[in-house]
Each structure stands twice: as structure tokens, then as C-alpha cells.
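For reference, the structure discussed in these notes is given below.
The values are calculated or read from the model by the stated rules, or taken from the named source; none is laboratory data. All figures in this text were calculated on a predicted structure; none of them were measured in a lab. For neighbour counting, all protein chains shown are included, and Cβ atoms are generated from backbone atoms with ideal geometry for every residue, glycine included.
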């Protein structure tokens with residue numbers, strides 16, 4: 001039986017010209033900025049946004065035994081019929097797999113068992129990779145919507161797109177409820193309905209995703225999405241060589257020459273996030289790829 | 001390599017849009033917001049009990065058009081004061097239908113135990129944006145009881161000004177009421193003789209009510225909002241209560257000699273001013289309001305209410321409130337009248353037209369069930385106090401309680417989805 005999302009605290013604060021809603025979801029601080037005079041309306045929209053975040057987290061969390069994803073991962077190779085929303089996410093993951101030439105792979109999460117990117121110096125032990133690699137590869141999964149066969153021992157992990165999807169869904173639901181200027185920000189991945197009522201962009205402070213420990217980026221967002229891929233703090237050092245946490249699912253080893261972090265602005269949080277992910281998977285070619293794609297971007301090396 | 005082409009971005013755009021699911025709301029049926037409630041109102045001392053079911057459904061037909069439907073059903077049972085005063089001898093009354101006599105012991109406030117009714121009501125309101133700054137609404141409402149039928153229409157306009165910091169609003173409504181009392185409309189202000197058997201004037205009568213309201217909502221600061229309004233109401237027609245009598249007492253001893261059915265003036269003009277302030281803390285909201293009402297029957301009333309919306313860390317809501325109400329008496333109110341050859345033209349002993357004050361305290365606890373639905377429970381206590389021993393009490397009346405006090409509990413369960 002699937003359980004619903006866990007209710008958690010939230011806060012709503014009046015600010016100059018808008019309301020700021022705050023809550024936690026997906027291990028990130030989350031925000032809603034909404035331009036309204038009405039506390040009650042801001043409260044209602046915050047409820048919509050927070051509940052959608054919590055719902056998606058509960059449904060697609062790897063950590064919750066009752067989640068829809070956990071049910072798939074525990075299927076033991078049996079043929080499963082998945083719900084319509086899961087099907088849409090799997091279709092999109094499949095598209096990302098194709099567009100990345102197999103580098104984006106939602107079955108690669110099991111590689112975490114042999115890599116610990118905690119700033120330490122441990123490489124996988126000999127033989128580890130040979131044992132784990134047979135459990136990685138989207139092409140081993142049979143996906144014919146709505147039916148899924150996930151071979152025994154393999155696991156799906158939607159962490160690579162869940163947060164961006166949640167941002168876009170939350171904003172979409174909020175916009176269906178009220179037509180006003182809003183910005184949804186889940187831990188630095190964000191999307192805005194458009195500029196503020198006075199035509200000015202939203203100004204958002206986010207922790208510099210590209211490593212400066214104390215620095216805060218001030219972003220001006222007037223519509224669309226903005227997301228970051230990569231995490232400059234997750235790496236390991238072995239014999240003076242830095243191993244980043246972006247793994248090539250074909251070899252199980254880090255992508256050579258990967259940027260530490262890539263930030264992209266595009267039409268939605270999912271589009272921005274996936275462009276950033278595709279770029280980082282290009283290794284040394286990230287900048288060239290982003291230039292070709294003609295998106296606004298920032299790359300940290 | 002495939003990734004070098006700009007089409008990756010386009011393919012992602014299409015794929016990401018498909019991942020979001022159907023957003024094509026134009027073809028979808030409008031979704032309804034529904035609020036339902038079941039409530040019980042119980043007066044202490046075995047008096048009136050009301051069971052009520054309510055439902056409100058609201059939908060956006062399109063971005064600028066809203067339809068709201070409301071239905072209610074309630075049943076009323078119990079005993080209600082009939083207007084006569086306590087006296088030293090047993091009293092016998094005839095029920096409004098004329099079929100069931102009931103006796104009242106010496107010293108007791110007479111209550112009519114045959115009171116029961118089922119009421120159904122409904123309304124529909126259409127709200128629409130006329131321009132970006134002007135909204136309009138029109139509505140109809142109807143209600144039916146065993147002895148009462150009413151139909152009303154209403155309409156209003158609101159105008160946003162001053163960067164939406166000011167909203168001006170105005171509304172009008174009209175209502176037609178048909179009253180067909182159980183057992184007929186009694187002949188008023190004529191002694192009935194023992195047993196209180198009425199002389200029937202007609203089977204039914206009617207009245208009309210017209211209301212107008214103008215007001216203004218003003219944002220004072222990001223945290224504070226205020227609203228003021230003025231309303232004017234005219235009622236015309238049969239405004240008496242067909243079930244209420246007055247005791248006609250001996251002017252020296254106070255003993256009840258006879259009874260008359262009450263009579264009220266055929267028109268009433270009511271005016272009121274209302275003022276509200278809402279203050280938002282970081283999450284909680286304080287809501288203070290005050291109303292002053294005055295009418296052509298010389299009733300003036302003050303209502304003050306304090307409400308606090310307390311948002312708990314779980315997102316649930318607690319709403320404690322306290323309301324105080326006080327009014328002066330109508331000029332034709334009297335607990336009883338002196339038996340004489342000439343009776344006054346207008347008189348009523350209805351406790352609701354007397355000088356009294358009332359305090360209500362209550363609390364609502366509202367709990368979110370999921371993104372859209374909410375469950376709530378409301379508890380209220382109401383206490384009404386009047387003058388038990390008024391200066392105009394005569395003789396033996398001084399020893400009796402002349403004002404039927406009311407205290408009541410309200411419990412309500414609410415579910416919105």
C-alpha cells in the first residue's frame with residue numbers, strides 16, 4: 001500500500017511586495033515567492049506547492065519502502081504495470097538515455113555501492129566493478145509503457161530529474177490556481193511563471209553551486225527555469241588525482257574531464273536541469289556542447 | 001555526434017512537456033471545490049435542537065467566471081417560549097394547529113412544545129470579471145419551510161483602485177416572503193380568552209425585504225487590511241410572529257387574565273455600519289470587527305468579534321474566537337401588557353426584541369488531509385442574558401423570572417475537498 005506524503009512544517013512570511021513561503025523537501029530548503037496582497041491566497045498556493053513536492057518525494061523516494069519506486073525496485077524481475085505518472089518519467093528518462101548516447105542512465109544508482117564520494121581516497125576494490133556493472137544499463141530494462149520488466153538486482157533511481165520535475169509540477173499546479181507572478185525554488189533548481197507584476201525580474205540568492213564556500217549568487221529570474229548539475233563538494237582524491245562523482249554507466253568510472261558544476265537557464269526547470277546534466281556528461285566538451293545548444297550557461301571547472 | 005546538434009534542446013523541450021502530463025485544462029470539465037458541513041445546535045433545558053446539513057460547491061467556468069452553489073437542509077425540534085409570562089395559576093394554551101392543547105405549571109415560563117420544522121434552502125451566485133478592475137456578481141436564492149417560502153435576487157459590483165490597494169464595493173438585494181402559519185394568521189391585539197384559541201384572519205400573509213450595501217476594503221500595509229461598510233435595509237409587510245402571544249395581566253396584582261397575539265409595525269428600517277481590521281503576523285492572522293446597528297423599532301445593537309487564525313507548525317489551523325453582542329429593546333416590547341379596554345396598537349413579548357446581551361465563544365480546528373482537502377471541527381457555546389426582573393413587573397410578576405434565557409452548544413464537522 002502506498003502511503004501519502006509526510007506532513008512537515010512550513011512558514012509564510014510577508015516581504016516587500018510579495019510573500020515568501022518556506023519548507024523542506026527532497027533534502028533541500030524549498031521556497032515559493034508569490035506576488036499577492038492576500039495572506040490567505042499565498043497560504044493556499046504554498047500548500048499546493050509544498051504538497052506537490054512532498055507527494056513527489058514520497059512517491060519516487062528510493063529510501064521509503066512504501067514508495068512507488070521501491071515497489072518497482074523490489075519487483076524481482078516480475079512484469080509490472082506502472083501508473084501513468086511513473087510512465088511519463090520513464091519515457092523521459094528513456095529519451096535522456098538516447099539523447100546522451102547512453103550516458104544518462106537511471107539504473108546507474110547501484111554504482112554508489114562501490115564509490116564513496118565523501119572527500120576520502122578509496123577507489124573501488126578490484127573485482128567490485130565486474131560484479132556491479134551487469135546490474136547497470138537501461139538497455140537491459142524492458143519498458144513498453146505501461147509495462148516494465150526490471151531484471152532482478154537492478155534498481156531505478158529518479159534522483160537525477162526528480163527535483164526539477166517537482167519544481168515544474170508545483171509551479172504548474174500553482175498557476176492553475178492563481179494567475180500571478182510566482183517563483184518556485186527547490187534547493188537552487190527553480191522556475192518562475194514570468195517577471196514580477198512591475199515587469200522586473202525576481203531576485204533570488206542561492207548558494208554558489210560552483211564551489212565558493214561562502215559566496216552567494218544573486219540571480220535575476222524573469223521566467224522559465226534554472227538548474228544546476230554537479231556538486232563540487234562530491235569527489236575523492238586518490239594518489240593526487242581527483243575523481244568527480246559523475247559516472248559513466250558504461251564503464252562505472254568517473255567521466256574524464258567532467259566540469260565540477262554546470263548551471264543552465266532554459267524554458268523550465270526540467271529542461272535547464274537536463275541540459276546541464278547532458279553538458280556535464282560531455283566531459284571536456286561541456287562548454288562546446290552548451291554553446292552549440294545556444295543556452296545561457298555557467299560552467300565551473 | 002548527435003549531441004552536437006541544436007536539436008537536442010528541442011527534443012528535450014518536447015520530452016519535458018510530455019513528462020508534465022496533460023495540462024490542457026480547456027477540454028477538461030471544470031473542477032469543483034466543495035465544502036460540506038453537518039452541525040447540531042442544542043439549547044440547554046430541552047428547548048430547540050437544530051440539525052443542519054450544508055453544502056457549498058464552487059467552480060471556475062473559465063478564468064474570469066465563477067459559479068457558486070449552496071444548499072442547506074435543517075430540522076428544528078423542541079420547545080420555544082410562546083411570549084406569555086409565568087403566573088401563579090396553571091395555564092393552558094392551544095398549539096398553533098389548534099389540535100394539541102398544552103399545560104404550563106404555575107411559575108414556569110410558558111414554552112410551546114409543538115415546535116418543529118424542516119427547512120431547505122439554496123442559492124446560486126455567478127461572479128464575473130467585467131474588466132481588469134471591475135468584478136460583478138448576480139445571484140438568486142430560495143428557501144422553504146413548513147410555513148414560510150422566500151425567494152430573493154441579488155447583485156453587486158466591486159472596483160479595484162489605487163494599484164489594487166483599495167476595493168470599492170456595492171450590492172443590492174430583494175427578497176419576497178410568503179408566510180402561511182400553521183393554523184392560519186391570528187387576529188392580533190384582541191384578547192383570545194382562556195385556552196388561547198386564535199381567531200384566524202387569513203391563511204397567509206407576506207412581506208418584502210430590500211437591502212443595499214456600500215463598502216471599501218483598504219490595504220494599510222503589507223500586514224494590515226481594513227474594511228468598512230454601510231448597509232441599509234427596508235422590510236415591509238407582515239413582520240409579526242404568528243406564534244407569539246402576550247399575557248394581559250391585572251394592573252394591580254400582576255395575575256394573568258387573558259392573552260393577545262402580538263402585533264409589530266408593518267415596516268422596519270435597519271441601518272448598520274461595520275468595521276474590520278485584519279492583521280497578519282508572520283503566519284497567524286488577527287481579525288477584529290465591530291458592527292453598530294440601529295433601526296426604526298428603536299433597537300440599537302453593538303457586535304464586537306475577535307478571531308485569531310493560528311497556523312500550527314503542521315500546517316493545521318486553530319481558530320479561536322469570541323463575540324459579544326448587546327442590544328436595546330424595541331419600543332413596543334413589553335414582557336406583558338396591562339389588561340384594559342384599550343390595548344396598544346403594537347406590542348410584542350418576543351425575547352429577541354428585548355434588551356439583552358449575548359456572548360459566544362468558540363474554536364475551529366482545521367486539519368489538512370492532502371493537497372486539496374481539509375477536515376474541521378467547530379465547537380461553540382452561546383449564552384444570552386436579558387432582564388429577569390424588569391422595572392415594569394407588576395405584583396406577583398416580581399417574584400418570577402420574566403426573561404427566558406438561552407444557552408446553547410453548537411458542534412459542527414466540516415469537510416472540504
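Computed values, structure above
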| read-out | value |
| --- | --- |
| Some residue of the range B:224-239 being assigned by TED's automatic domain parsing to the domain that holds residue B:342, under 26 Å from residue B:147 (Cβ atoms) and in contact (Cβ under 8 Å) with a residue 40 or more places away in the chain | yes |
| Selection within the range B:192-221 - free of Cβ contacts under 8 Å to residues at least 40 places away in the same chain, more than 23 Å from the chain's Cα centre (by Cα) and over 15 Å from residue B:167 (Cα atoms) | B:199, B:200, B:201, B:202, B:203, B:204 |
| Inter-residue pairs, beta-carbon under 7 Å, first farther than 14 Å from residue A:248 by Cβ and facing chain B (nearest Cβ under 7 Å) and in the range A:279-295, second assigned to a loop (DSSP other than H, G, I, E, B) and at pLDDT 90 or above, 6+ apart | A:289/A:282 |
| Options B:107, B:98; residue that is within 21 Å of residue B:205 (Cα to Cα), in a loop (DSSP other than H, G, I, E, B) and over 27 Å from the mean Cα position of the chain (by Cα) | B:98 |
| Options B:142, B:124; residue that is at pLDDT 95 or above and farther than 30 Å from residue B:80 by Cα | B:124 |
| Search result, residues across the range B:392-410 that are exposed (fewer than 14 other Cβ atoms within 10 Å of the Cβ) and modelled with pLDDT of 90 or more | B:398, B:399 |
| So residue B:335, is it under 27 Å from residue B:245 (Cβ atoms), touching a strand residue (DSSP E or B) at 6+ places or on another chain (Cβ under 9 Å), more than 14 Å from chain A (Cβ to nearest Cβ) and surrounded by fewer than 17 Cβ atoms within 10 Å (Cβ to Cβ) | no |
| Selection status of residue B:117, within 14 Å of chain A (Cβ to nearest Cβ) and either within 20 Å of the chain's Cα centre (by Cα) or in a strand (DSSP E or B) (or both) | no |
| Qualifying residue in the range A:60-81 (condition: within 14 Å of chain B (Cβ to nearest Cβ) and under 30 Å from residue B:8 (Cα atoms)) | yes |
| Residue within the range A:113-121 that is touching a strand residue (DSSP E or B) at 6+ places or on another chain (Cβ under 7 Å), more than 30 Å from residue A:226 (Cα to Cα) and away from chain B (no Cβ under 11 Å) present | yes |
| Test result for residue A:32, in a strand (DSSP E or B), more than 10 Å from every other protein chain (Cβ to nearest Cβ), surrounded by 14 or more Cβ atoms within 10 Å (Cβ to Cβ) and at pLDDT 85 or above | yes |
| Extreme residue, farthest from the other protein chains (Cβ to nearest Cβ), among residues of the range A:96-111 that are more than 16 Å from the chain's Cα centre (by Cα) and assigned to a helix (DSSP H, G or I) | A:110 |
| Residue B:259 within 23 Å of residue B:176 (Cβ to Cβ), in contact (Cβ under 8 Å) with a residue 24 or more places away in the chain, buried (at least 18 other Cβ atoms within 10 Å of the Cβ) and touching a strand residue (DSSP E or B) at 6+ places or on another chain (Cβ under 7 Å) | no |
| Residue list for the range A:51-79, restricted to those being closer than 28 Å to residue A:223 by Cβ and touching a residue at least 60 places away in the same chain (Cβ under 8 Å) | A:52, A:53, A:56, A:57, A:60 |
| Selection count where residues are under 16 Å from residue A:25 (Cβ atoms) and either in a helix (DSSP H, G or I) or facing chain B (nearest Cβ under 10 Å) (or both), scope the range A:173-197 | 2 |
| Residue in the range A:262-301 that is nearest to residue A:107 (Cα to Cα), counting only those that are part of a strand (DSSP E or B) and in contact with a helix residue (DSSP H, G or I) (Cβ under 8 Å, 6 or more places away or on another chain) | A:262 |
| Only one of B:315, B:254 that is within 14 Å of chain A (Cβ to nearest Cβ) and in a loop (DSSP other than H, G, I, E, B) | B:315 |
| Which listed residue, of B:218, B:227, B:271, is surrounded by fewer than 18 Cβ atoms within 10 Å (Cβ to Cβ) and away from every other protein chain (no Cβ under 14 Å) | B:271 |
| Among the residues listed as B:39, B:16, B:57, the single one being surrounded by 16 or more Cβ atoms within 10 Å (Cβ to Cβ), touching a strand residue (DSSP E or B) at 6+ places or on another chain (Cβ under 8 Å) and either at pLDDT 90 or above or away from chain A (no Cβ under 12 Å) (or both) | B:39 |
| Unmet requirement for residue A:45, which otherwise passes all of (1) more than 26 Å from residue B:221 (Cβ to Cβ); (2) part of a helix (DSSP H, G or I) | (1) |
| Selection status of residue A:84, surrounded by fewer than 17 Cβ atoms within 10 Å (Cβ to Cβ), within 13 Å of another protein chain (Cβ to nearest Cβ) and within 30 Å of residue A:178 (Cβ to Cβ) | yes |
